[in-house]
Structures are given as structure tokens and as C-alpha cells.
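These notes are about the structure you will find just below.
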Amino acid sequence: MLEYAWLIPVFPFLAFILIGLLPKRTLGWENGGGYAIGGAVGAFVLSMLVIWDVLNGKTLTDNSVKTTWLVIGDSVRITFGIYVDQLTAVMLLVISIVGTLVVIYSGGYMHEEGVGRRRYYAEIMLFISVMYGLVIANNYLEMFIFWELVGLCSYLLIGFWYEKPSAASAAKRAFIVTRVGDIMFMAGLIILFKYVGNLDFSALFGQGGQSIVSRGLIPKDMLTLSTLLIFGGAIGKSAQFPLHEWLPDAMEGPTTVSALIHAATMVKAGVYLTARTYPLLVLTPDTLLFVAIIGGFTALLAATVALAANDIKRVLAYSTISQLGYMILGLGAGGYLVIHSQSSGGYTAAMLHLMNHGFFKALLFLCAGSVIHAVGTNDMRLMGGLRKRMPITSITMLIGAIAIGGIPPLSGFWSKDEVLSAVYHSGEFDFTFFVLWAFGVATAFLTAFYMFRMWFMAFSGTPRSEAHAHESPKIMTVPLMILAGLALVSGFALFIGEGFKKFLETSLRLSDIPLLAPGEPGEVASEIFSDPLTYLSLGLAIVGILIAYRIYYLPGFDRAVFARGVPGAFQRALENRWYISKFYDDFAYKVWYGFSIVADMFDRYVIDGVVNGFAYLGANTGNVIRKGQSGDVRRYTSLVVVGIVLLILFLVYIMPWIRGQGDWFGGWS
Amino acid sequence: MIPVEYWVIFSSLLFAIGAYGVLTRRNAIVVLMSIEVMLNAANINLVAFSSYHTTLHGFSDASGQAFALFSIAIAAAEVAVGLAIILSVYRRYQTIDVDKINILRW
């Protein structure tokens, strides 16, 4: 079955073509929605078959299914192929489930869009197709192509309501900001390609037991630079500090797009890239430390901004950035564990968090979409009291909030705890990780608080606006219930069969470093519950929920305290997203615009000046020279005579001297 | 037999006189006459070298003389055309002063 994994992206792509090209009246249900669901389900079924094979221990990592795309010279052969291992399977699981459910949910959510639905379904099918392509690519270049294509789809779908200036500019912003990361990614690949001459995963990850460094293909410094640059791509795509500000703005798109692209799949591409590059990252500890610092810092920074956001989707967007920071932190710290204690704990924890987060964050976004669909606004200050009117949405969203808040036995608890424990244990090898661990614990506390703040603001109390909210149709609530079920149980992947850790660890094709097998599921569980740190983070999460309960549920708390004195200044900083967005805007408007003016001047006066100058020179020269055409026959004749005399003098006297004093007439015969 | 150098000097002088006439005269007919003088200088040169061929190689070669005959015939035709042009110029401008006929310019 694995050889046919390349068919997975083909189904959504066919749907994309059909929706885009079919005549209008043959589009049928929801203006193309039927074809979209067909494409998504086809890919889902194939993905499940592939995942089943992988669960049974089969992988396809030997670069055997491929086709030659480019041949450069004699030796360089760039191929398109598929690479399926346990890591791919995890990504396929998230994409196929969330993708299919989001497309079904769109049938209800996008119902009022009219003819725009055709464009919507076509673009979302293209996105799903290239996202599958991204995770089954067997070399970095192929991955990079799909990487750019998901960026394109993200741009198109953020700007779905392009008549709205804010959506159009948010789309541009997302495209340009992620492009900064993409350029770094490409630069990293160029370095790798220059030294190794091959971008296939199977060649780079040293299946023969020796890494590309110990085989002497690439100096360690260059590999460090290369991995840093490749991680730059992940920073852009996964919205990590300092390139994170595009993701909250991307909420201008439809909520389904936010759920699928900007929460569950595309933004995970950066994490996936980092995880896929792991065999190279563990050779470069400096990069790993950088990865961990970026992740830990982003997690805390984004969590604080989420505290003060009033737009329900922005809360979720910052929460997404924060949770992505967790995954990146887990991967960075996990690398130290791999190097120093041969344990893959951080890597597996981060990927488990990726899977869990895919489910519960898609759930939260779709719930938010359901709420927005009902009340017609994103502003939580205008919601309230929806619990009675939207029972299914409120309960499923509560499940999502508990899952992300980290309360056992829901999914978020397991993976978050594993990530924090991995970070804490890597603190033994570098003190920085203790600081990052503290960041992570603080983030866990803040996450629980802002999630319940959001839930209480939206669903409890009395309605604060006139809108007559009602529960969403079944086509929207059923995907919510399925996702809620997954958010409840996906954390138990740790304990099913041999356990998630053992399953995923086999995907790490490390060279030079032998890995210790992780513990049995039973040991993993007892480890979690015997560690006092588990209770610390759990306790903090509960405290966060209780504080949210006191402030936003129970009456009598004067929230005006947030507007005065030190809390007021803090609140304003948070509402302005720590002024980072403003800094970028100022930078663009002032510094960069100034530079652009200089560049414009240079173009206008120097470049154009040179071109125009040459034209002017030619015209003027002509003006001067044409005076020679006097029409005076005797002057022409005189010039002819003078010319002939000079020619004769030249031939008789100068030419022999040039030819070495010889006699010119003698040289003739 | 007159040595060939004499002929060469003679034809050079004739040519120079013709050129001087072309350069200094403003009357188009005189210019045309001067051109004829230059042509005849060339003809004399051709005939002189044709005769010198016998002195040099011991047998005669008449091609120089044949060229001269052609040249004379063509000169006659040229004079006819030239005079016709001058005549029509005169009809148009009431002058044959070449300095005044200068409309073919920038």
C-alpha cells in the first residue's frame, strides 16, 4: 500500500481541478462542496490505509518510489518521490482527519457565501493536496516546493474576503513575513546542497550508520549555519518570535481556514520540518539551543498577549503560537536529551503535542466559528450567555479548553507534561533549559487562565448583545463532536500498544548515536504520576482556571482594576501585542519607506538618468555633426581632395615606417 | 621615345590643374570643364602606360588604349547629362553658381 501513498494528494488535487473548471450548473451541492468532500474523503481513506501499514511496522524510506524531475550535468539528479515513516504517519493522521472534518463543516459555515464558495472549495482542496505533498516529500527540494505552495494557499484563503482592506493587507502580510523565513530555508538548503550534493532525506540522514559530518561531506560549522537557516523557515511558517505577528492577522480569513491552515496543519509544517531535520539537528547542539530558546520565549510571549485579547479568534491565534512554541521548545530540548542521554523523550513529546494540538485547536476554532456564525461578531465582549442557546458548541468548546489547559485525562495534559519533563531533564546538560522550563510552566498557567477566560466570556453570564443566537446546523456540530471525542482520547496514544514513544522513535534515523528504547506504556504512566513536577504544572493550571472563574464567572469582581496603575500599563502593552506589531509597522512605514524613497530616487535619477543621458548624447551629437552637411559642393570636393592627399601621404610615408622601415612599393611586388 | 616619367608628370600636372579648377570655380560649366581636364589626365596616363608596356616587356598590350577610348565615350555621355542638369538648374534658379545651389543639406 505504501507505494501508492503518492495518490493521497492526487484526490484533493482532482477535486481542485474539477471545482475550478466544471461548468457552473454541474457544481451541485454547495457550489462544489460535494466534490470537495469527495476529494477530502478519498485522501482520508488512503491516508488511513497508509497509516495502518505504518502501524504494522512498514515504512518507505529507501528512496525507491521516485521519478526523476531534473538532471543537471552527469551527477545531479533531482527527484520527486515519497518518504513514509512514523513521523509522516502522524502528520497524515492530523491532516486527513482535520482536513475532512473542516471541509464537511464548511458546508454549513460557508453556506451564505453564494458563488464565492466555488473559489473557497477550490482553494481549500489545493491546500489539502499540497499539504499532503509536503509531508510525503522524500527530499528537501520537493518539500520546499510544497512548502511554498501551502504558503500560496494560505495567502489566497486569508484574503478570501479580499474586498475588505484588512483581509487583503493581512494576506499580504502573511505572505511577506513567511517569505522571510522561506528565504532562510532556501539558503540553508543551498548550503546543504553545495556540500552534500543531494537533498534526499535518505542520503542526508546517513542510513549507513555514519552522519554526513563524520563522512566528511560537510564541515560542522557549515552544517550549523545550514540547520539554523532551515530552522529560520520553521520560524516563519510556524509563527515563532520574531516572525509571529502574521498569524493573529491571518484571522481575517474564514474561521474554517483558521482552523485548518492556521491551527491544525500549515503552521505545523515548521514543527514538522524541525522534526524531519532532527538527524541533522542533533549533530549541531548550538542550533538545538537556539531552537529551544525561540520556542520557549515564543510560548510565554504569545500566552501573555492572549490574556488581553478580546477577539475570540485572536485569543486562539495567540494560543496557537504559544502551543507551537511548546512543540519547538520540546524539539530543541529533546535534541539535548538525544545527544546526552540517548533518549528520544523530547522529540516524541513534541510530536504527540502536535497531534493533540491539531485536534483540540481545530475543535476550538470550529467552535469559535460556530459561535461567530451564531452571533455575527468576533468580539467576546459582545457575547455571553450562549451556554443555554448553543449547548453542543459550549460543551465541545469546554472540552477543547480543558484539553489545552492540561487537565487529565484529556489529551493536552499528557503531551504538555511530557514536553515540560523533557525540558526539565535536559536542564542537567545546559542551565538555559531550567529557565525555559520555568517559561513553559508559566505558559501552562497562563494557557489555562486565558482559555477559561474566553469560555466564561463567551458562554456564561447574560447575553451582552441583541443577536438571537441559535445552535448551528448538524453539518457543523457533528464535526465538533468528532473532534471533541478525539481531544478527549488522543493523549492515550501514549499507552496504546507499545506506546506512542516507541512507535515514533523508530522514525529517528540517527547516525553515530544509539538510542535507548523508551519505557513501556506502564512505566511512562508511573513516571508521569510519580514526578512532583507534574503536580506543580497541574496545580498551576487549576489555579489559572480558578482565577478565571473568580474574575469572569462569579459576579462582584471589579475589572476596572486592569485599567489603572501598573496593571493598566501592563494591560495596554498586552493589548498592543507588546508593541511588536507596531514596531514592524513603524519600521515599514518609516525606515523601510525612507529607504524605498531613496531607491526610487536612485532609479529615477541615476538609472533613468544614464539611459536618458545616452539618448540625449546621441541626439546632440547628431545635431552638431549634421552641420557638416552644408550642401556646398566645393567644400565636399575640398574634403575629398584633402582626404586623398592625406591617404597618399599615409601610404607612402607612414605605412612603410609601421611595417618596419621597409619600402612600401617594394613590399607590393 | 619620350620616357614614361614625363608623361606621368604631365598627367599629374593636368590632374592638379583640373582639381584646382573644380575647387576654385563657382560657375558650374567651368567646374564641368575642369572635371573633363581631370578625366583627360587619367586618359593620358592610361595611354602612356600602355605604350610603356612595350618598352618593359617587348610586346605591346593595347588594353590601356582601349580603356582610354571607353573613358572618352563615357565622358561625352557624362557631359551631355551634366549640361542637361546645369540647364534645368538654370531654368529653376536663374543661376549656375554652385555656391548658391545648396538646398540639399541639413
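The values are calculated or read from the model by the stated rules, or taken from the named source; none is laboratory data. A quick note: this is a predicted structure, and the numbers were derived from the prediction, not measured. Positions of Cβ are generated from backbone atoms using ideal geometry, with glycine treated the same way; all protein chains shown enter the neighbour counts.
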Hey, among A:G491, A:G485, which residue is part of a helix (DSSP H, G or I), surrounded by 15 or more Cβ atoms within 10 Å (Cβ to Cβ), of a type outside the set (S, T, Y) and in the same structural domain as A:A403 (by TED's automatic domain parsing)?
A:G491
Could you look through the stretch B:1-52, keep only residues that are within 14 Å of chain A (Cβ to nearest Cβ) and aromatic (F, W, Y), and pick out the one that is surrounded by the most Cβ atoms within 10 Å (Cβ to Cβ)?
B:F15
Can you tell me which residues in the stretch A:194-210 are polar (S, T, N, Q), surrounded by 15 or more Cβ atoms within 10 Å (Cβ to Cβ) and modelled with pLDDT under 75?
A:Q207
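Let's see how each residue does on (1) out of contact with any Pro (no Cβ under 7 Å at 6 or more places or on another chain); (2) more than 13 Å from A:M451 (Cβ to Cβ); (3) free of Cβ contacts under 8 Å to residues at least 40 places away in the same chain:
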residue: A:A362; (1), (2), (3): yes, yes, no
residue: A:N378; (1), (2), (3): yes, yes, no
residue: A:G384; (1), (2), (3): no, yes, no
residue: A:R387; (1), (2), (3): yes, yes, no
residue: A:G400; (1), (2), (3): yes, no, no
residue: A:W414; (1), (2), (3): yes, yes, no
I want to confirm something. Restricting to the stretch B:85-106 and keeping residues that are more than 11 Å from chain A (Cβ to nearest Cβ) and of a type in the set (A, V, I, L, M, F, W, C), which single residue is nearest to B:R26 (Cα to Cα)?
B:I96
Just checking, which of A:Q629, A:Q571 is touching a residue at least 60 places away in the same chain (Cβ under 8 Å) and of a type outside the set (D, E, K, R)?
A:Q571
Need the failing condition index for A:L283 against (1) within 15 Å of A:L331 (Cβ to Cβ); (2) out of contact with any Lys or Arg (no Cβ under 9 Å at 6 or more places or on another chain), just the number.
(2)
Determine which single condition A:S343 fails, assuming it passes every other condition in (1) farther than 15 Å from A:V419 by Cα; (2) surrounded by fewer than 24 Cβ atoms within 10 Å (Cβ to Cβ); (3) not hydrophobic (A, V, I, L, M, F, W, C).
(1)
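Table: residues versus (1) at negative phi; (2) without any contact (Cβ under 8 Å) to a residue 60 or more places away in the chain; (3) of a type in the set (V, I, T).
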position: A:P463; (1), (2), (3): yes, no, no
position: A:V478; (1), (2), (3): yes, no, yes
position: A:I482; (1), (2), (3): yes, no, yes
position: A:A487; (1), (2), (3): yes, no, no
position: A:F492; (1), (2), (3): yes, no, no
position: A:G499; (1), (2), (3): no, yes, no
position: A:E505; (1), (2), (3): yes, no, no
position: A:L515; (1), (2), (3): yes, no, no
Inspect the stretch A:525-532 for any residue being outside any loop (DSSP other than H, G, I, E, B), acidic (D, E), within 30 Å of the chain's Cα centre (by Cα) and surrounded by 13 or more Cβ atoms within 10 Å (Cβ to Cβ) and give the result as yes or no.
no
Within the stretch A:7-14, can one find any residue that is under 25 Å from the mean Cα position of the chain (by Cα), surrounded by 20 or more Cβ atoms within 10 Å (Cβ to Cβ), modelled with pLDDT of 85 or more and closer than 30 Å to A:E505 by Cβ?
yes
Give the residue that is nearest to A:Q323 (Cα to Cα), with candidates limited to residues of the stretch A:266-292 that are outside any helix (DSSP H, G or I) and touching a Phe, Trp or Tyr at 6+ places or on another chain (Cβ under 8 Å).
A:M266
Qualifying position, being surrounded by fewer than 10 Cβ atoms within 10 Å (Cβ to Cβ) and either farther than 30 Å from A:I402 by Cβ or within 14 Å of another protein chain (Cβ to nearest Cβ) (or both), among A:V624, A:V641, A:V591, A:V633
A:V624
Determine if the stretch B:45-56 includes at least one residue that is within 24 Å of A:S638 (Cα to Cα) and within 18 Å of the chain's Cα centre (by Cα).
yes
Subset of the stretch A:220-249, residues farther than 18 Å from A:L324 by Cβ and among the basic types (K, R), comes to A:K220
Give me the residue from the stretch A:308-340 that is of a type in the set (A, V, I, L, M) and within 16 Å of A:I294 (Cα to Cα) and, out of that set, surrounded by the fewest Cβ atoms within 10 Å (Cβ to Cβ).
A:I321
When only residues in the stretch A:458-476 that are crowded, with 22+ Cβ neighbours inside 10 Å and of a type outside the set (G, A, S) count, which is nearest to A:I407 (Cα to Cα)?
A:F459
Selection within the stretch A:551-578 - modelled with pLDDT of 75 or more and on the phi > 0 side of the Ramachandran plot:
A:R577, A:W578
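Okay, residues lined up against (1) of a type in the set (G, A, S); (2) part of a helix (DSSP H, G or I); (3) over 15 Å from A:S537 (Cα atoms):
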{"residue": "A:A362", "(1), (2), (3)": "yes, yes, yes"}
{"residue": "A:T377", "(1), (2), (3)": "no, no, yes"}
{"residue": "A:R387", "(1), (2), (3)": "no, no, yes"}
{"residue": "A:I402", "(1), (2), (3)": "no, yes, no"}
{"residue": "A:G412", "(1), (2), (3)": "yes, yes, no"}
{"residue": "A:D430", "(1), (2), (3)": "no, no, yes"}
Kindly evaluate A:M601 against the criterion of being more than 14 Å from chain B (Cβ to nearest Cβ), farther than 30 Å from A:L247 by Cβ and modelled with pLDDT of 90 or more.
yes
